[in-house]
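This report refers to the structure that appears directly beneath it.
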Amino acid sequence: MVFRIISYIKFLLKSTNRHGVHSPFVYNYITKCIYGQKKLHKDKFVNLVLKSYVYFNPSQIDTDLCSPSLQNNIQKNIKNLSDQKSNYNMICWQNPSHNFNIVDPNTIVIINNIRKSAQQFSRWNALKMDDSVTVSIDFFSQGVLFFRKEQEKQHFVIRS
């Protein structure tokens, strides 16, 4: 509990909104997806996944690293969303606890509970420092990783 309180205070001091973002890709994602879409679900993680799904229209989504109830919730809500698919792939993780070997630069990894504990936050920090990650976005409880080869490595802390 103490970790989360201290972590939240640090988050507030570091975080910005879309006006502090100097990457057109991330600015568009935050403006059109995170801030620009109506709320699609009451759970913050599911809402982030659904909004990102609508924005990127991934050709596939992998929820195997989520709890069964969360998997069902995401899959049930996705059925009602857009059918036009892009070349993106989306992976959703319940907790930042696995290593990854992502070779496709069109992969988006959305992770829940990045600040659930000091250990989880340490794992998130290790993931975002991975050489294959070029863009990471910290939304306090959730994190998003991108593997875009055309972009410089950047980390963003955003209030959503």
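Readers should treat all values here as calculations from the given coordinates under stated rules, not as data from a laboratory. It should be emphasised that the depicted structure is a prediction, and the values quoted were computed from it without experimental measurement. Here the Cβ positions follow ideal geometry from the backbone for every residue, glycine too, while neighbour counts run over all protein chains shown.
Each residue, residue 103 and residue 16, gets one label point 7 Å from its Cα in the Cβ direction; the gap between the two is 3.6 nm. Highest mean first, the peptides 37-44, 102-109, 21-28 sorted by other C-beta atoms within 10 Å per residue fall in the order 102-109, 21-28, 37-44. Using only the C-alpha atoms, the convex hull of segment 111-160 corresponds to 63 Å³ per residue. The ellipsoid equivalent to the alpha-carbon distribution of the chain has semi-axes of 22, 18, 17 angstrom, derived from the gyration tensor eigenvalues as √(5λ) and listed largest first.
Below 8 Å, C-alpha to C-alpha, sequence gap of six or more: please give me the relative contact order for segment 9-58 in percent. Numbers along the way, then the final one.
Values: 21 pairs, mean separation 13.3, N = 50.
Relative CO of segment 9-58 lands at 27 percent.
Model label sites at residue 60 and residue 72, defined 7 Å from Cα along the beta-carbon direction, differ in position by 2.5 nm. Across the chain, the relative contact order, built from alpha-carbon pairs under 8 Å that are at least six residues apart, equals 21 percent. Of the residues 142, 120, 84, the one that moves most in a GNM of the chain with alpha-carbon contacts below 10 Å is 84.
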